[in-house]
Amino acid sequence: MPDSEAPKQSQLSPALIRVDASESIGIGHVMRCLALAGALKDHGEPVTFLCAQCPAALVDSLKHRGFAVEFLPPAMKPGSEADARFTAERARRLDRNKIDGDGARPIVIIDGYHFFEDYQVILDQYPLRVAFMDDLHHCKRYYTDIVINQNPSARAENYPNTAAKTKLLLGAPMILIRGEFLDHRRKQARREQPARARKILVTMGGADIDNVTSKVMGGLSQIEDLEVTVLIGGGNTHLADIQKLADALNNAHTRSRFTCLQNASDMAAVIDDCDLVVSAGGTTVWEAAYLGAPTAVIITADNQVEGMEYFAAAGATALLGRQEKLSEADIACALAPLLDSQEIRKSLAQKAAVIDGQGARRVLDTIASIVVPAT
């Protein structure tokens with residue numbers, strides 16, 4: 001199917017996304033599924049999120065976006081054989097007319113490190129179209145119809161053992177950008193980078209279990225004349241401590257201000273309004289890059305290492321390092337030249353422009369092309 005051609009509605013079908021989120025897991029798996037869910041919804045297909053666990057604030061956000069949210073039975077172990085069969089049976093009930101009629105089998109998207117080979121084999125026994133959202137290539141073999149790894153570093157060599165039918169969708173062309181970011185870029189021209197960056201966005205993920213946010217704020221407090229917006233995700237349990245720190249810093253510093261923002265309703269506008277994004281190595285990095293905002297990345301989890309190191313080696317982001325090895329002084333020292341150099345920030349944004357926003361459409365094209373024989 002040509003790149004300019006969207007999938008025909010009849011080639012798609014209702015989708016079930018099996019994904020979990022919690023303080024320990026984080027919400028990144030859900031966030032990267034949102035772009036695909038939104039694209040399916042735009043094509044008129046209902047999407048259901050099926051979770052073992054998910055924070056209440058995130059559940060509310062998903063429902064507000066028009067998605068259904070359901071849960072596994074409480075005693076069911078995530079990633080177990082029972083989970084796989086429950087997921088498959090639930091997917092089969094999504095739209096009985098399509099299942100028995102035009103052959104457009106239901107879509108199942110799985111995202112998580114507890115979905116191993118046995119889980120995939122069970123799903124493969126059902127008349128479903130299954131996509132695996134991956135980043136660590138942690139399975140010895142993949143049995144799904146599609147494997148999606150949007151890390152720019154992802155290569156076919158990472159997947160030497162797949163089923164004959166498996167299609168690999170890898171690298172920067174598959175980076176999934178949510179619809180609100182696509183809409184924002186269509187409507188708004190990216191503003192020019194100032195000589196010195198003053199407006200800074202800090203976003204350390206939806207959960208930030210180690211409260212890296214406070215460490216970054218401490219580092220930025222050592223730099224004068226900044227306007228710092230601190231984004232606090234719905235799964236972050238450190239809200240009170242972060243707000244208390246912001247108040248203390250505002251009282252101590254007359255030339256820099258810290259503003260806390262929880263559960264931003266228009267993340268694209270928040271990013272577009274800043275001169276530099278200081279972020280954990282997750283979905284926000286790709287979204288900021290798409291909008292043309294330069295980024296400085298702090299790695300907060302092992303699954304971020306490969307993609308962020310590759311992106312930094314390409315000159316597309318400034319990698320500050322792993323959070324546990326960084327002090328507040330280290331952060332201040334690393335950020336100072338980025339704030340002072342318009343050229344460095346321009347270069348970061350230009351080299352990150354490999355993200356074209358068409359990843360979700362490419363994935364849907366591939367899903368639409370999969371034909372599952374009748375059983």
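Every listed requirement among (1) over 23 Å from Met267 (Cα atoms); (2) modelled with pLDDT of 95 or more is met by His138 save one, (2). Those strands (runs of 3 or more DSSP E) of the stretch 132-223 in which 3 or more residues are in the same structural domain as Ser24 (by TED's automatic domain parsing) occupy 146-149, 167-170. Within the stretch 225-241, being in contact with a strand residue (DSSP E or B) (Cβ under 6 Å, 6 or more places away or on another chain) and closer than 23 Å to Asp272 by Cα holds for Leu226, Glu227, Val228, Thr229, Val230, Leu231, Ile232. Scanning the stretch 38-56 for residues that are among the small types (Gly, Ala, Ser) and within 18 Å of Ala88 (Cα to Cα) gives a single hit, Ala52.
Where helices (runs of 4 or more DSSP H) fall wholly inside the stretch 250-342, the ranges with 1 or more residues that are closer than 22 Å to Leu36 by Cα and touching an Asp or Glu at 6+ places or on another chain (Cβ under 6 Å) are 267-272, 283-291. For the stretch 209-245, the candidate set comprises residues that are under 20 Å from Ser327 (Cβ atoms) and small (Gly, Ala, Ser); within that set, the residue that is surrounded by the fewest Cβ atoms within 10 Å (Cβ to Cβ) is Gly218.
Pull up the stretch 43-59, narrow it to residues that are at pLDDT below 95 and part of a helix (DSSP H, G or I), then point me to the one that is surrounded by the fewest Cβ atoms within 10 Å (Cβ to Cβ). Filtering the stretch 43-59 for residues that are at pLDDT below 95 and part of a helix (DSSP H, G or I), the one surrounded by the fewest Cβ atoms within 10 Å (Cβ to Cβ) comes out as Ala56.
Output yes when any residue across the stretch 329-345 is among the β-branched types (Val, Ile, Thr), over 22 Å from Arg196 (Cβ atoms), in contact with a helix residue (DSSP H, G or I) (Cβ under 7 Å, 6 or more places away or on another chain) and crowded, with 24+ Cβ neighbours inside 10 Å, and no when none is. No; the residues of the stretch 329-345 include none that is among the β-branched types (Val, Ile, Thr), over 22 Å from Arg196 (Cβ atoms), in contact with a helix residue (DSSP H, G or I) (Cβ under 7 Å, 6 or more places away or on another chain) and crowded, with 24+ Cβ neighbours inside 10 Å.
With respect to the conditions (1) touching a Leu at 6+ places or on another chain (Cβ under 8 Å); (2) closer than 17 Å to Asp20 by Cα, Ala104 lacks only one, and its number is (2).
If you go through the stretch 224-239 one residue at a time, how many are at negative phi and at pLDDT below 95?
As a first pass, look at the stretch 224-239 and keep what is at negative phi: 224, 226-239.
From the residues that got through so far, the ones that are at pLDDT below 95 too are 224, 232-239.
So the count comes out to 9.
Candidates in the stretch 350-360 are the residues that are surrounded by fewer than 20 Cβ atoms within 10 Å (Cβ to Cβ) and in contact (Cβ under 8 Å) with a residue 40 or more places away in the chain; of these, the one that is nearest to Asp275 (Cα to Cα) is Ala353. All conditions in (1) over 23 Å from Thr259 (Cα atoms); (2) surrounded by fewer than 16 Cβ atoms within 10 Å (Cβ to Cβ) hold for Gly179, with the sole exception of (2).
Within the bounds of the stretch 133-143, is there any residue that is over 24 Å from Thr166 (Cα atoms) and either free of Cβ contacts under 8 Å to residues at least 24 places away in the same chain or buried (at least 24 other Cβ atoms within 10 Å of the Cβ) (or both)? No; the residues of the stretch 133-143 include none that is over 24 Å from Thr166 (Cα atoms) and either free of Cβ contacts under 8 Å to residues at least 24 places away in the same chain or buried (at least 24 other Cβ atoms within 10 Å of the Cβ) (or both).
The values are calculated or read from the model by the stated rules, or taken from the named source; none is laboratory data. Note that the structure is a prediction, hence the values are computed from the model and not measured. Ideal geometry is used to build each Cβ from the backbone, glycine not excepted, and the neighbour counts take in all protein chains shown.
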